[in-house]
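Here the structure comes first, spelled out in structure tokens, and everything after it is commentary.
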Amino acid sequence: MCDYHESWSGMLNRIIFPPHLLVSGFCVAFLLGGCQFGKKSQQPVKIQVNVSRVVSGQTLEVLGMGNQPTLISQVKLIGVEAPDLRQRPWGIRARKRLQELIGKEEPVTLEFDILARDKIGRTLAYVWKDGTLLNEQLVEEGYVLYVAHSPNQKYNPRLERAQQWARLMAEEIWNPAKPMPLTPYQFRRQYR
């Protein structure tokens, strides 16, 4: 069966790994694993930035995005709609609460989803501070509304539960004694 002049590796390849099995194995491996090449990484994209200013209850100005550390960029919190600053007292309260949550000159982490910018050019992000999702906390405390914006839906279930809680607890804009009469969207359309 074995010719002593044949190498051991040649004999093992012929006996253990015949060519048709090698080709079949390669095809199966490619079909099972090859489908993974087009998939995006499941790791969220996050960066740490410094907040230079809180513009409103839904918008920040930050330093440290991209390759220009001194460039100021506007960031809109994903999934929230804050009262307009002219919607008194709700707009001012929402901005003040976001300022309190961020603190003085402390970094925050921005987590990005599918859509990078809104129609007016602001960067869209989930904002984290000390392990807390600030988008969710503002909704839960009743300072802002949860509004789903497809395709950015990563934390929609959390934001929706937070809004249900705020409504149930009659927090801020949900307070029946002094409810906010118009949604931010309705207000902006009415008072352009």
**Request:** Quickly work out the residue 120-to-residue 170 label distance, labels modelled 7 Å from Cα along the C-beta direction, and quote it in nm with one decimal.
**Result:** 3.4 nm
**Prompt:** Under Stokes-Einstein, with the Kirkwood radius over Cα pairs standing in for Rh, what whole-number D in µm²/s applies to region 94-153 at 10 °C and 1.306 mPa s?
**Reply:** 127 µm²/s
**Request:** Kindly put 120, 114 in sequence by how many other C-beta atoms sit within 10 Å of each C-beta, fewest to most.
**Result:** 120, 114
**Fill in**
By Cβ neighbour count within 10 Å, fewest first, 76, 119 rank 119, 76
**Complete:** Surpassing 29 Å at the alpha-carbon level, of the pairs 119/178; 76/104; 46/119, are 119/178
**Prompt:** Based on the Cβ-Cβ distance of residue 52 and residue 177, what FRET efficiency does E = 1/(1 + (r/R0)^6) give at R0 = 25 Å, to the nearest 0.05?
**Reply:** 0.10
**Message:** Principal axis extents for region 145-192, Cα atoms only, whole Å, descending order, please.
**Reply:** 30, 30, 8
**Asked** Going by how many other Cβ atoms sit within 10 Å of their own, how do 70, 183, 123 line up, fewest first?
**Response** 70, 183, 123
**Complete:** Of the convex hull drawn through the C-alpha atoms of region 45-190, the volume per residue in Å³ is 107 Å³
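Taken together, the values in this text are just the output of simple stated rules run on the coordinates, not laboratory data. From a predicted model like this one, the values you see are computed outputs, not experimental measurements. So basically every Cβ, Gly included, is an ideal-geometry build from the backbone, and we count neighbours across all protein chains shown.
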